[in-house]
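The values are calculated or read from the model by the stated rules, or taken from the named source; none is laboratory data. This is a predicted model, so every value here is computed, not measured. Glycine gets a Cβ as well: all are built from the backbone with ideal geometry, and neighbour counts include every protein chain shown. For the accessible areas, the whole protein counts, side chains as well, though only heavy atoms, and no ligand, DNA or RNA atoms are used. Shrake-Rupley method; radii C 1.70, N 1.55, O 1.52, S 1.80 Å.
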Amino acid sequence: MNCLQALNPKVEWIGVNAGVSGTGSDLGACRLQDQVLKYTPDLIFVEFAVNGGAVAAMEGLVRQAKQKAPAADICFIYTISGEQYKQYAEGGMPANIAALEKIADHYQIPSVHMGLRPAQLLREDKLVWKSKDSVAGKIVFSNDGVHPTKEGGALYAAAVARGFQK
């Protein structure tokens, strides 16, 4: 929210965090109306790249949003975990994210691949993907290979900010 506010200081941003850690898009589709759409949002970020972004459920989320909040913009954001960073580092994309991109393309929904910059920094030897300890001169992205550290989270926020600038 701080990044969005800084990019658009004259806009009053109100954020509703409807995320439930560790749940998939099937549960998200069931919760969408009661926990998101009832607020008549202007912008909806959808992230299920790590915890079960089932294609049918993701399409169901999009269709619900377009039907019940047609003026809302939707943006898919893709976090990464485990070994997914390696695919970005090699210039590819995780298969599950590629499947979600087909939905984004079909509905002309922008997406933000939040793993691209960490993968680039990893190739440049400026980032360590996983470490419980700090590493001199490098960003430690995650302590457990899944959840970003404060620095890793800042890389994610910067990816969203870059997306807004585009």
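Selection of segment 69-108 for residues being closer than 22 Å to residue 149 by Cβ and of a type in the set (Gly, Ala, Ser) yields 81, 82, 89.
So residue 98 fits all but one of (1) under 19 Å from residue 163 (Cβ atoms); (2) touching a Leu at 6+ places or on another chain (Cβ under 8 Å); what number is the exception? Only one criterion is unmet by residue 98, namely (2). Does residue 15 satisfy the condition of being open to solvent by less than 70 Å² (accessible area, probe 1.4 Å), assigned to a loop (DSSP other than H, G, I, E, B) and on the phi > 0 side of the Ramachandran plot? No: the conditions fail for residue 15. When residue 66 is tested against the conditions (1) open to solvent by 20 Å² or more (accessible area, probe 1.4 Å); (2) closer than 23 Å to residue 155 by Cβ; (3) out of contact with any Ser or Thr (no Cβ under 8 Å at 6 or more places or on another chain), the lone failure is (2).
Here residue 30 clears all of (1) closer than 24 Å to residue 146 by Cα; (2) open to solvent by 70 Å² or more (accessible area, probe 1.4 Å) except the condition numbered (1). Take the residues of segment 139-154 that are part of a helix (DSSP H, G or I) and touching a strand residue (DSSP E or B) at 6+ places or on another chain (Cβ under 6 Å): which is farthest from residue 129 (Cα to Cα)? Result: 151. Looking only at residues that are open to solvent by 10 Å² or more (accessible area, probe 1.4 Å) and within 18 Å of the chain's Cα centre (by Cα) in segment 69-81, which one is modelled with the lowest pLDDT? It comes out as 81.
Listed by first and then second residue, the pairs linking a residue in segment 56-78 that is of a type in the set (Phe, Trp, Tyr) to a residue that is open to solvent by less than 40 Å² (accessible area, probe 1.4 Å) and part of a helix (DSSP H, G or I), with Cβ atoms under 6 Å apart and 6 or more places separating them unless they lie on different chains, are 76/104; 78/97.
Quick check on segment 82-98. Is at least one of its residues at pLDDT 90 or above, touching a helix residue (DSSP H, G or I) at 6+ places or on another chain (Cβ under 6 Å), within 27 Å of residue 6 (Cβ to Cβ) and buried (at least 17 other Cβ atoms within 10 Å of the Cβ)? There is no residue in segment 82-98 that is at pLDDT 90 or above, touching a helix residue (DSSP H, G or I) at 6+ places or on another chain (Cβ under 6 Å), within 27 Å of residue 6 (Cβ to Cβ) and buried (at least 17 other Cβ atoms within 10 Å of the Cβ).
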